[in-house]
1. Can you give me the relative contact order of the stretch 3-98 as a percent, contacts being Cα pairs under 8 Å and 6 or more apart?
2. Who wins for biggest fluctuation among 166, 176, 206 in a Gaussian network model of the chain, springs between alpha carbons below 10 Å?
3. Any chance you could check the Cα centroid distance between the stretch 1-56 and the stretch 129-201 for me, in angstrom?
4. Please work out the Cα convex hull volume for the chain and give it in Å³ per residue.
5. What's the Cα-based Rg to Rh of the stretch 178-350, Rh via Kirkwood?
6. Report, in listed order, any pair from 40/150; 40/371; 162/371; 37/167 with a Cα-Cα distance greater than 27 Å.
7. Only Cα pairs under 8 Å and at least 6 apart count here; give the relative contact order of the chain as a rounded whole percent.
8. Checking the cross-link filter: which aspartates and glutamates have an alpha carbon closer than 15 Å to that of residue 207, excluding same-chain neighbours under 8 positions apart?
Amino acid sequence: MKIALLEPFLTGSHAAWAQEYQAHSRHDVKILCLEGKYWKWRMHGGAVSLARQFLAEGLCPDLLLVTDMLDLTTFLALTRELTADIPVALYMHENQLTYPWSPTDADVQQQRDAHYAFINYSSALVADAVLFNSDYHRQSFLQELPPFLKSFPDQNEIETVKRIADKSRTLTLGLDLRKFDQYRTVAGFQADRPPLILWNHRWEYDKNPEEFFRALYYLQEQAVAFEVAVLGESYHQLPQVFAAAKKRLAERILHWGYVETFSDYARWLWRADILPVTSIHDFFGVSVVQAIYCGCQPLLPQRLAYPEHIEAEYHAQCFYTDFNDLVARLSQACQAFERTSHSQLSSSVYRYDWVRMAAIYDDLLGNLAAKA
């Protein structure tokens, strides 16, 4: 079967997902893409550029697999002579309806942010199948659609929510977790060093760095021994807390900043011991899953997609209820830390590896094409 995968924002986890599925699929997957920058412009104009690419290549796929960054209605309108009878699966990495917007964003200040959520809504409406990367993502999007549509003055079309829900399902991300294995260290925990606390997320407001560093400040004030490695990509509008934390935690820092190579990133994950997560947003949480696979002891909030990653029998040891509970658990983990293999938790997330997920994707998309 031939699949045309359309990605207007080919970078980061979007690029990894597309390219790794292409590599692991038994189907013939052709990627049409645009560079991963200017995300707002990609949502508005990316469909026009990808339609031009699609028509120029004269493709005739059995299925279109597109992501949430594409204005699907515009793309289909511009390519209708070729795509009218081709089934379309829309993959939702994120959505702009329930994504927490930064209060400093100009579109929020000018009340223009609803444009992007409407693109997600109309794309989901026209697609033949809507696939979400987590149950949390699927449920939160469908729950927010009715109040979103009711915010408009009339002709709210509320009944379309059920149409979208009926063709929606969860299809979790596939990840190449096995590529971490070759960088695994064999020394294990060293009794003469304090535990290493890890941050391996984007340096942005939705990852809630203020609460993460506030927890570390408390440990520091209580003279709890720990070290910290702050990885992850930073951007132009850097939350101020990072500069302050770099100074305040200077004596505890083993690494600070983005690592350029995957090998270095993987080695830090294997070396790290504890992963306290404070995010207010994660539709899936790739960085969290990667760290768990590499043996980090997770301390996770009981929200978002995180409970889906770990079997219920381990929830009591992995999830906290509020900030005070996080601090207490983190302090206890540091003071009584014993490096173990965490093989059970690694096994929990190994199910996301493409060695299993590729066949699930292939079967689902193949069935969708066969029904067209």
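1. 32
2. Residue with maximal mean-square fluctuation among 166, 176, 206: 166.
3. Distance between centres, Cα-based: 19 Å.
4. 147
5. 0.92
6. Beyond 27 Å: 40/371; 37/167.
7. Value for the chain: 17 percent.
8. 94, 233, 282
Laboratory data are not the source of any read-out in this text; all were calculated from the coordinates shown. In this text the structure is predicted, and so the values were computed from the model without any measurement. Reconstructed Cβ throughout: ideal geometry from the backbone, glycine too, with neighbour counts over all protein chains shown.
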